[in-house]
Structure formats: structure tokens, C-alpha cells
1. More than 23 Å from PHE169 (Cα to Cα) and open to solvent by 20 Å² or more (accessible area, probe 1.4 Å) - does that describe any residue in segment 91-100?
2. Looking only at segment 77-89, decide whether some residue is open to solvent by 60 Å² or more (accessible area, probe 1.4 Å), part of a loop (DSSP other than H, G, I, E, B) and basic (Lys, Arg).
3. Wholly within segment 127-187, which helices (runs of 4 or more DSSP H) include no fewer than the required count, namely at least 1 residues that are within 27 Å of ARG117 (Cα to Cα)?
4. Residue check, GLN59 against (1) modelled with pLDDT of 95 or more; (2) open to solvent by 30 Å² or more (accessible area, probe 1.4 Å); (3) under 25 Å from ASP148 (Cα atoms), all met but one. Which one?
5. Are any residues in segment 52-89 among the hydrophobic types (A, V, I, L, M, F, W, C) and farther than 30 Å from ASP118 by Cβ, and if so, which ones?
6. Looking only at segment 159-174, count every residue that is crowded, with 16+ Cβ neighbours inside 10 Å, touching a Pro at 6+ places or on another chain (Cβ under 8 Å) and aromatic (Phe, Trp, Tyr) and tell me the total.
7. Which residues, taken from segment 138-148, are modelled with pLDDT of 85 or more and either within 25 Å of ARG14 (Cβ to Cβ) or open to solvent by less than 20 Å² (accessible area, probe 1.4 Å) (or both)?
Amino acid sequence: MYEDKKDSYYSFCRTDLLEFVPRNRSNKILEIGAGSGETLLKAKESGLAEYVVGVDLAQVENSNQSHPAMDRFITGNIENLKLDFADNFFDVIICGDVLEHLLDPWQCLVKLKPLLRDGGVIIASIPNVRYWKVSMGLVFSGRWNYCDSGTLDRTHLRFFVRQTVQRLFTDAGFTISTMKCQGSQKEYGFSAWLLNLLTFELLTDLLTMQFVVVADKRLPPETSVRR
């Protein structure tokens, strides 16, 4: 299914995630689902990293995957790859809209954790299946139509709400420091903000298209992984 995706699907720079990268020119950044590499190159250009590594399932021809500033780019499925980096090597790991595409995102986070240094952060965005355009269609019209992109992207294998996003990270041994909501509150501006305020923020999750999570490696290693 991924070979049917347009090139634009892989070439989007995630500036919204870069804003959470610690301001340090010496950062070593690993991005899972790096697409054609725009986000990593932007990190270098912005002085947020000195060493960047991208991993993506798809090889994008004539793209920044082979750019001279890309220190390394690995093509393959992260769930099957054995990454040959030392423990505690990376300062930042980025997973932008990628965990929902995996068979076992829980185990993937466990696999990535040793690569992150103590105090390092993992930054991820994950679609919220409770978003009103999805949940209202299901509840009132019985609609659950897969699309080429978005919350119901036909390549999504897992679906999450706020609580399961939190458990995804804490059960893998991470501590969530930031959980930001993105979606209609920004899309519809003041009207959405006012409606949520008048309902004592009960609509927050319905107005959230995706969650952006920043989590660090602090929990004890014996933390169990549950589904």
C-alpha cells in the first residue's frame, strides 16, 4: 500500500515536532518514519543537531534521503531492523505519525529505549481516533471509511485515544512531560476554543486530531509492557 502513496506523503517537514527538540547543536537525532528526510535536514539547518539518522520503510528516489547533510539513512521496517548503534547514543528520537502504522508499537518503543541516553527525549505524534470527525461519523452514521491520509489512513494498523497513548509510553518505561493537543481548536480558532471553555473543556479530546507527546527515559527498567 505504501508504494501507492504520492511523493508528498513522504516529504512533509514536521516543524511542529522540532519545536520540542532541546536547543543543543550537539544533539544526535534519530527519526523513525523519516520520509524523504526534510525534518532531519531542517533540524541541522536550524542548529538543533550535529548528527542525524533517518529510518523509513520506503526509499524515495531523488530525495533528501541521500543528501550530503544526512549522516545516515536506513531503509527498512523498524520492527524488523536491528539498529547497530550503541546504547545511550541518541539525544532525541522522533516518531512523527509512525507508531500507528506498526504491528506492535509497544514493543517498538521498548526496542528504541536503550538507544536513547538517560535524560534524552522521544517526540511523537499520534492520531486521536476520538476526533469528532471520526467518532461522530461512526456513532451517528455508521461510517468508518479508510482514506489515503489522515486519522483513518488505510495504512494505519493501530488506533489510539488519550489514555492508550499515555499507556503506550509509560508501559514502555518513559515519563511523559508534555502532551499537546492539535486539531480543531486551532483549525476553527476562537469558536472551538469558546465552545470547549463553555463546556468546562469536556470537548477537548473530541476537538483533538492528534496528540504530540514528549517523553523522557526515567522510569525503572522493570516497567512492564501491556496492550
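The values are calculated or read from the model by the stated rules, or taken from the named source; none is laboratory data. Predicted model, so just to flag it, every value in this text is computed and none were measured. Using ideal geometry, Cβ is built from the backbone for each residue, glycine included, and neighbour counts are taken over all protein chains shown. To get the accessible areas, we keep the full protein, side chains included, count just its heavy atoms, and leave off ligands, DNA and RNA. Shrake-Rupley method; radii C 1.70, N 1.55, O 1.52, S 1.80 Å.
1. We begin by selecting, within segment 91-100, every residue more than 23 Å from PHE169 (Cα to Cα); these are none.
No, because not a single residue in segment 91-100 is more than 23 Å from PHE169 (Cα to Cα) and open to solvent by 20 Å² or more (accessible area, probe 1.4 Å).
2. yes
3. Per the criteria, 162-170.
4. (1) is the only condition that GLN59 fails.
5. Keep residues of segment 52-89 that are among the hydrophobic types (A, V, I, L, M, F, W, C), which gives 52-53, 55, 57-58, 60, 69-70, 73-74, 78, 81, 83, 85-86, 89.
Matches in segment 52-89: ALA58, VAL60.
6. So the count comes out to 1.
7. TYR146, CYS147
Yes/no matrix, rows are residues, columns are (1) closer than 23 Å to LYS82 by Cα; (2) surrounded by 13 or more Cβ atoms within 10 Å (Cβ to Cβ); (3) not small (Gly, Ala, Ser):
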{"site": "ARG117", "(1), (2), (3)": "yes, yes, yes"}
{"site": "PRO127", "(1), (2), (3)": "no, yes, yes"}
{"site": "TYR131", "(1), (2), (3)": "no, yes, yes"}
{"site": "GLY150", "(1), (2), (3)": "no, yes, no"}
{"site": "LEU157", "(1), (2), (3)": "yes, no, yes"}
